[in-house]
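Student: What follows is a structure written as structure tokens; I'll ask about it next.
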Amino acid sequence: MALFSGFSKLNREQRIDYIIQNSLLNSTEAHEFDNYCATDENQQRVYGEMIENYIGNFPLPMGVVTNMVINDETFIVPFVTEESSVIAAASKAAKFWAERGGFKATVLGMVKKGQVHFTWNGKQQLIKELFPLIREILFEATQALTEKMRQRGGGITAIHLIDKTDELPDYYQVDVSFETADAMGANFINTCLEIISSVLQDIRELNSDECRVEIIMAILSNYTPECLLRCWVECPVEKLDRWNKELSYNAFATKFKQSVDIANLDISRAVTHNKGIFNGIDAVLLATGNDWRATSASVHAYASRDGKYRGLTTVKLTDKTFAYELELPLAIGTVGGITGIHPLVKNSLAILKYPDAQKLMMIAAAAGLASNFAAIASLITTGIQKGHMKMHLSNILNQLSASPSESEKARNYFSDKAVSYAAVEEFIQKIREEI
């Protein structure tokens, strides 16, 4: 296929026509895009301007988890996810822990970072001696930009010079710490860093015929170990007896701790363990219009902070008490980005009673811990597939284009049997042959 210029200048219909002509998408399939356009013309325009080369909307299922008690406040938590059983599992765990005091959470810090990466070929000692003065110049240069953020309790909180010349010749960083209140703050941070970059190149003491600042890049870091929170649940060990009837409460607590210990020792288990946490976190972040890619990158880096990738949770178990804790960084926001323009993001925040950034961090963490607790509890008792495949039955029936009558018969038949695609396909085929 020949290279094409000007695709971005086409309207949506022209882009779809081009794709039909140059791919395996046919015109009938292409009309599916129209089925998911917003009925409101202004809202559809917002979607069309949200990304580049727009061709249509891609819907995902949205549901809620009820009975989520966090710091003695009850929430209905919106989840956006395509995976069966995620909401069911989180709901079961949320109710279970609501009856035992609920989730507790605390935010340990809200600091986000960005760096100006640059080279400077002068004497190391000189730039270090000059930096207290340089710091004041940089603070002053960003005052106008940070004024409104400072009024909301945020702004630049620290500026440091980091000498990396031992790792790369002449390489330094200006490391800047930010508080961004209820915004995630990416655009604010990056704009501040670009101002700092420009000022560094204009400071007379650093730029002469002999030495000069050369900016490599200026960008926020999505690694946010100081934007940290802790979330936990705790109860007497004997109160674990109601999760299911397969294990005694002591056996349940012991196996649960062993499974978490394994996730802290073995990377193969740790990755899947942490994915179970993100089943809840990502579903909340998608629903509230947050950057789940940035948080995932940050949390996985945090899980590797001591040089080995580990599970993000810990169990404290005594003869009398079971406590399960999650600690992770979450740099998210409730203002800015698409929070003010996406109608369902607005709805999600309304369902959550318009939380500030710290409260949303706690909600997302509790959703992650609930999802993870339910997954482990299933793994050490009935196994993960029994519940998951029961929930996945509807997807299989849809793939097989089962009628309402066929679906009802299949659900009744598989109510006490193992579910697999092959078994469901065979059952539906037998029904159709009998007609």
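The values are calculated or read from the model by the stated rules, or taken from the named source; none is laboratory data. In this text, all values refer to a predicted model and were calculated from it rather than measured experimentally. Here the Cβ positions follow ideal geometry from the backbone for every residue, glycine too, while neighbour counts run over all protein chains shown.
Student: Might you check whether a residue that is free of Cβ contacts under 8 Å to residues at least 12 places away in the same chain, over 23 Å from PRO329 (Cβ atoms) and not hydrophobic (A, V, I, L, M, F, W, C) occurs anywhere in the range 124-131?
Tutor: Yes - at least one qualifying residue is present in the range 124-131.
Student: Can you tell me which of (1) modelled with pLDDT under 95; (2) over 26 Å from LEU349 (Cβ atoms); (3) surrounded by 16 or more Cβ atoms within 10 Å (Cβ to Cβ) is the one TYR172 doesn't meet?
Tutor: (1) is the only condition that TYR172 fails.
Every residue, every condition in (1) modelled with pLDDT under 95; (2) closer than 26 Å to ALA253 by Cβ; (3) not in a strand (DSSP E or B); (4) not small (Gly, Ala, Ser), yes or no:
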site	(1), (2), (3), (4)
ASP282	no, no, yes, yes
HIS300	no, no, yes, yes
ASP306	no, no, yes, yes
LYS316	no, yes, no, yes
TYR324	no, yes, no, yes
LEU328	no, yes, no, yes
ILE332	no, no, yes, yes
ILE338	yes, no, yes, yes
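Student: Further question on the same structure: Return the residues of the range 37-55 that are under 18 Å from LEU286 (Cα atoms), free of Cβ contacts under 8 Å to residues at least 60 places away in the same chain and surrounded by 11 or more Cβ atoms within 10 Å (Cβ to Cβ); say none if nothing qualifies.
Tutor: TYR47
Student: Out of the residues in the range 377-391 that are modelled with pLDDT under 70 and in a helix (DSSP H, G or I), which is surrounded by the most Cβ atoms within 10 Å (Cβ to Cβ)?
Tutor: The qualifying residue surrounded by the most Cβ atoms within 10 Å (Cβ to Cβ) is MET389.
Student: Then there is this: Within the range 175-214, how many residues are modelled with pLDDT of 95 or more, of a type outside the set (D, E, K, R) and part of a strand (DSSP E or B)?
Tutor: 4
Student: State which residue is nearest to ASN187 (Cα to Cα) when the search covers only the range 215-257 and only residues that are of a type in the set (Lys, Arg) and at pLDDT 95 or above.
Tutor: ARG230
Student: Sticking with this structure for a sec: Which members of the range 247-271 meet the condition of being within 16 Å of ALA375 (Cβ to Cβ), among the hydroxyl-bearing types (Ser, Thr, Tyr) and in contact (Cβ under 8 Å) with a residue 24 or more places away in the chain?
Tutor: Within the range 247-271, just SER259 meets the criteria.
Student: Right, next: Could you tell me whether the range 112-119 includes any residue that is over 30 Å from PHE373 (Cα atoms), among the aliphatic types (A, V, I, L, M) and outside the structural domain of SER394 (by TED's automatic domain parsing)?
Tutor: yes
Student: Considering only residues that are within 37 Å of the chain's Cα centre (by Cα) and exposed (fewer than 13 other Cβ atoms within 10 Å of the Cβ), look in the range 133-150 and name the one that is nearest to ASN207 (Cα to Cα).
Tutor: GLU136
Student: Which one of these is modelled with pLDDT of 80 or more and in the same structural domain as VAL77 (by TED's automatic domain parsing): ALA423, ALA410, ALA374, ALA402?
Tutor: Result of the check over ALA423, ALA410, ALA374, ALA402: ALA374.
Student: Using the structure shown, decide if ALA94 is in contact with a Ser or Thr (Cβ under 6 Å, 6 or more places away or on another chain) and in a helix (DSSP H, G or I).
Tutor: Spelling it out, it is not the case that ALA94 is in contact with a Ser or Thr (Cβ under 6 Å, 6 or more places away or on another chain) and in a helix (DSSP H, G or I).
Student: Do we have any residue at all in the range 262-270 that's β-branched (Val, Ile, Thr), in contact with an Asp or Glu (Cβ under 9 Å, 6 or more places away or on another chain) and either farther than 15 Å from LEU326 by Cα or at pLDDT below 95 (or both)?
Tutor: No, the range 262-270 contains no residue that is β-branched (Val, Ile, Thr), in contact with an Asp or Glu (Cβ under 9 Å, 6 or more places away or on another chain) and either farther than 15 Å from LEU326 by Cα or at pLDDT below 95 (or both).
Student: Tell me the residue from ALA402, ALA323, ALA423 that is of a type in the set (A, V, I, L, M, F, W, C) and within 26 Å of LEU228 (Cβ to Cβ), please.
Tutor: Testing whether each residue is of a type in the set (A, V, I, L, M, F, W, C) and within 26 Å of LEU228 (Cβ to Cβ) leaves just ALA323.
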